[in-house]
Amino acid sequence: MDISFEKQLIKIIEPLYKKGRDGDWDHILRMVKLCKYLLKHEKADEDIVLPAAYLHDLGWTAIDFSDFNKASPKVKADSSSFTQHMEQGAVIAGKILSEFKYDTNKIKEIQSIIKVHDLPEIVFKMNYISATLVVEADRLDRYGKTGLARFKTMFGADKLSGQYWEEARQLRIDGLKEWFRTKTAINLSKKLAAEMGLFD
């Protein structure tokens, strides 16, 4: 992805993210870094992967996500805002990229990824490496030293104890089997999971 385009894109989306959920902009920056790492080891189209990474969670800035915040980790996907943020994110991404006169076909591909980015089982059935890397990077940010801090930001530090933490912990252990397909992401996910003490 062109550096000047990347800088212009950041200038537009950073203030939008900062009006949305706490911690989302920091998540985006970490996820983009993870995507760049995966792209060094896996063959995918960075002109699809990186814009999708930057734009994928913009939908949260356009909806009421209180139902998502109140739900426990295992039932987040049942909240109405969970689906809405993907749908709205695809729409917003399309508008932003169109303003940049981005390639029309690539815009459609990016939107198709954003529409399902939190549904890895659907993304992996697409058998499309660029979509796979976006999902893997998004899920990788739940692990490692920043993983626990992100959960505290998303769900509230007071909840990270007892039964709630066990539920979140189990969700992440299950995720190691379900959320990664490339060799690079699988290896990194295991390393980060161990680093954060997930198996302790």
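The values are calculated or read from the model by the stated rules, or taken from the named source; none is laboratory data. Since the structure is predicted, the reported quantities are computational estimates derived from the model, not experimental observations. Please note: Cβ atoms are built from the backbone with ideal geometry, for glycine as well, and neighbour counts cover all protein chains shown. When the accessible area is computed, the model is the full protein with side chains, heavy atoms only, and any ligands, DNA or RNA have been set aside. Shrake-Rupley method; radii C 1.70, N 1.55, O 1.52, S 1.80 Å.
Count of region 1-35 residues, restricted to those that are open to solvent by 80 Å² or more (accessible area, probe 1.4 Å) and not aliphatic (A, V, I, L, M), is 9. If you check L38, L97 for being within 26 Å of I186 (Cβ to Cβ), in contact with a helix residue (DSSP H, G or I) (Cβ under 6 Å, 6 or more places away or on another chain) and open to solvent by less than 60 Å² (accessible area, probe 1.4 Å), only one passes: L38. Tallying residues that are among the hydroxyl-bearing types (S, T, Y), under 19 Å from A168 (Cα atoms) and either open to solvent by 10 Å² or more (accessible area, probe 1.4 Å) or part of a helix (DSSP H, G or I) (or both) within region 126-149 yields 1. Taking (1) within 21 Å of A149 (Cβ to Cβ); (2) assigned to a helix (DSSP H, G or I); (3) not hydroxyl-bearing (S, T, Y) in turn, R21 satisfies each apart from (2).
Of all residues in region 185-200, those satisfying the criterion of being open to solvent by 20 Å² or more (accessible area, probe 1.4 Å) and either modelled with pLDDT of 95 or more or charged (D, E, K, R) (or both) are I186, N187, L188, K190, K191, E195, D200.
Among the residues of region 180-200, write down those that are without any contact (Cβ under 8 Å) to a residue 60 or more places away in the chain, part of a helix (DSSP H, G or I) and aliphatic (A, V, I, L, M). Selection gives I186, L192, A193, A194.
For region 150-179, the tally of residues that are open to solvent by less than 60 Å² (accessible area, probe 1.4 Å), in a helix (DSSP H, G or I), modelled with pLDDT under 70 and under 24 Å from K18 (Cβ atoms) stands at 3.
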